[in-house]
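J.: Let me give you the structure first, and then I'll get to my questions.
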Amino acid sequence: MALKNFLASLLLAAPLAVAHPGKEEVYAHAALPLERKSLAHCSADFAQPAFIKKTVEIHGRELARVKRSLGIEDKPKLRPRDYISVSRIDHKSSKAVTKGMELSTLFSDAGACMLMPAVDQGPLYVQGEEVRKDITGGEKGIPLTLVIQVVDYKTCQTVNNAYVDVWSSNSTGIYVGVQGYPGMGDPKDASILKGTTLRGVQPTDSHGVASFDSLFPGHYEGRATHIHAIVYLGATKQANNTITGGRAAHIGQLYFDQGLITAADKVAPYNNNKMRITQNTADFLFMQGANGDDPIVRYALVGKDISEGLFAWIRFGINQAANKPVSPAAWWTDKGGVMNPKGPVGQMNGGGGGGWGGWPGGKKRAAKKVEADEE
Ligand SMILES: *[C@@H]1O[C@H](CO)[C@@H](O)[C@H](O)[C@H]1NC(C)=O
Ligand SMILES: *[C@@H]1O[C@H](CO)[C@@H](O)[C@H](O)[C@H]1NC(C)=O
């Protein structure tokens, strides 16, 4: 099976609440309450960004065009086309951005709006990473100041004292911290478990804003370029600078304009990345995230050239009552990185690191191995 298909089947088969793309799901989305809709009801609080208005207009036009061409009336099943409209929006901002600026001003007049997408956490989450702003680990890449504002989708109020946990691939498309995921390094090499680069946690401030000094993620086969985020509520910061407890109120994936990805891929070391590119519009999780929502970050360049770095910002509308299941592939502990035998990658690989167990046979082997390990 091609890697791409494999990844798609894996994500579909993952033990988490992965929504299946397709008409039923889209109907279900349309039928869901306010939380699946836009944050437009928050416009008074957010000073209705012209950007969001534009999004809504474009959605409307696209929808009307498709409806006309099909000769049918307003039907929720047309919502799958929304992701195409979202992918066509230019999210580049002309804001002047500088290190040390008041980050909450990024959200004063505009902000990409991401809602309650029931998106998958993905197979490569490492739980227990440190609370730290700089997650670059000294690696090369385009500096990315990632700014996330967390708001309550019902009250439109910012959510302070939440913890935002992010993770992404590095400039050359590798996720460190998890061993044995196909395409992510030598499955037999456990040294990847020592890696914490591009993983970390930050608290939200009094404006609901959490920010990271990161790197623009590199592309890899099977997924559009993206960054994962979990918003934890009620977590406790430990003496060793990690968080424990609390609940995952929001699990999201954020994306970038295709043109920005193309521009980044011309810069070293991105231009050494030989992995195949998956376009936003070819990624079913993007489709799922962008049907009705806009999961693409707004961004501005720090200098004239993209290589000087960029700021990217997005607003998460979260349901504070939510408690999403989290299944880490590994844990970052006082003993370093440890694979979770029952996590998404551990199950694939027969209950531990070191070897690719195949799919779906690997899952059966994983079950046997876990049994054996427990004896
Ligand atoms: C990305 O991570 C892999 C695995 O640790 C490493 O071999 C590679 O050099 C990293 N890329 C960059 C640009 O540092
Ligand atoms: C931090 O402390 C917690 C317990 O409070 C422990 O479980 C975890 O392994 C520690 N993490 C690191 C990286 O030392």
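J.: Take the conditions touching a residue at least 24 places away in the same chain (Cβ under 8 Å) and not β-branched (V, I, T) and apply them to G222. Does it pass?
T.: yes
J.: Given (1) within 23 Å of D293 (Cβ to Cβ); (2) without any contact (Cβ under 8 Å) to a residue 60 or more places away in the chain; (3) touching a strand residue (DSSP E or B) at 6+ places or on another chain (Cβ under 9 Å), where does Y175 come up short, assuming only one miss?
T.: (1)
J.: Can you find a residue in the stretch 245-260 that is over 23 Å from S307 (Cα atoms), surrounded by fewer than 22 Cβ atoms within 10 Å (Cβ to Cβ), within 16 Å of ligand 2 (Cβ to nearest atom) and without any contact (Cβ under 8 Å) to a residue 60 or more places away in the chain?
T.: Yes: one or more hits.
J.: Can you name the residue in the stretch 321-335 that is within 28 Å of L103 (Cβ to Cβ), assigned to a loop (DSSP other than H, G, I, E, B) and open to solvent by less than 70 Å² (accessible area, probe 1.4 Å) and is also nearest to ligand 1 (Cβ to nearest atom) among such residues?
T.: Residue satisfying both the conditions and the ranking: V326.
J.: Could you check the stretch 78-194 for strands (runs of 3 or more DSSP E) lying wholly inside it with 1 or more residues that are among the small types (G, A, S) and modelled with pLDDT under 95?
T.: Per the criteria, 112-114.
J.: So is N271 outside any strand (DSSP E or B), more than 16 Å from ligand 2 (Cβ to nearest atom) and at pLDDT 95 or above or not?
T.: yes
J.: Next up: So if I check each of N241, N291, N280, which one is within 16 Å of ligand 2 (Cβ to nearest atom) and not charged (D, E, K, R)?
T.: Going through N241, N291, N280 in turn, just one is within 16 Å of ligand 2 (Cβ to nearest atom) and not charged (D, E, K, R): N241.
J.: For the stretch 214-238, how many residues are away from ligand 2 (no atom under 16 Å from the Cβ) and either among the charged types (D, E, K, R) or in a strand (DSSP E or B) (or both)?
T.: 12
J.: Determine whether G137 is within 8 Å of ligand 1 (Cβ to nearest atom), in contact (Cβ under 8 Å) with a residue 12 or more places away in the chain and either open to solvent by less than 20 Å² (accessible area, probe 1.4 Å) or closer than 22 Å to V267 by Cβ (or both).
T.: No: the conditions fail for G137.
J.: Taking the residues in the stretch 160-196 that are aliphatic (A, V, I, L, M) and crowded, with 24+ Cβ neighbours inside 10 Å as candidates, determine which candidate is farthest from ligand 1 (Cβ to nearest atom).
T.: Here the answer is A162.
J.: Just one of the numbered conditions (1) open to solvent by 10 Å² or more (accessible area, probe 1.4 Å); (2) under 15 Å from the mean Cα position of the chain (by Cα); (3) within 16 Å of ligand 1 (Cβ to nearest atom) is not true of P143; which one?
T.: The number of the failed condition is (2).
J.: Within the stretch 286-320, track down each residue that is aliphatic (A, V, I, L, M) and assigned to a loop (DSSP other than H, G, I, E, B).
T.: Start the filter on the stretch 286-320 by keeping residues that are aliphatic (A, V, I, L, M), which leaves 287, 290, 296-297, 300-302, 306, 310, 312, 314, 318.
The answer is V297, V302.
J.: Exactly one condition in (1) in a strand (DSSP E or B); (2) small (G, A, S); (3) out of contact with any strand residue (DSSP E or B) (no Cβ under 9 Å at 6 or more places or on another chain) is not met by G252; state its number.
T.: Only one criterion is unmet by G252, namely (3).
J.: Out of all the residues in the stretch 201-224, which are within 16 Å of ligand 1 (Cβ to nearest atom) and within 16 Å of V164 (Cα to Cα)?
T.: The answer is D213, S214.
J.: Any residue in the stretch 180-209 that's basic (K, R): show its pairings with residues that are more than 16 Å from ligand 2 (Cβ to nearest atom) at Cβ separation under 9 Å, as long as the two are six or more apart or on different chains.
T.: Correct list of pairs: K188/Q179; K188/G180; K188/G353; K188/G354; K188/G355; R199/V166; R199/S168; R199/Y175.
The values are calculated or read from the model by the stated rules, or taken from the named source; none is laboratory data. A quick note: this is a predicted structure, and the numbers were derived from the prediction, not measured. With ideal geometry, Cβ positions are generated from the backbone for all residues, glycine too; neighbour counts draw on all protein chains shown. Please note that ligands, DNA and RNA were not included when accessible areas were found on the heavy atoms of the full protein model with its side chains. Shrake-Rupley method; radii C 1.70, N 1.55, O 1.52, S 1.80 Å.
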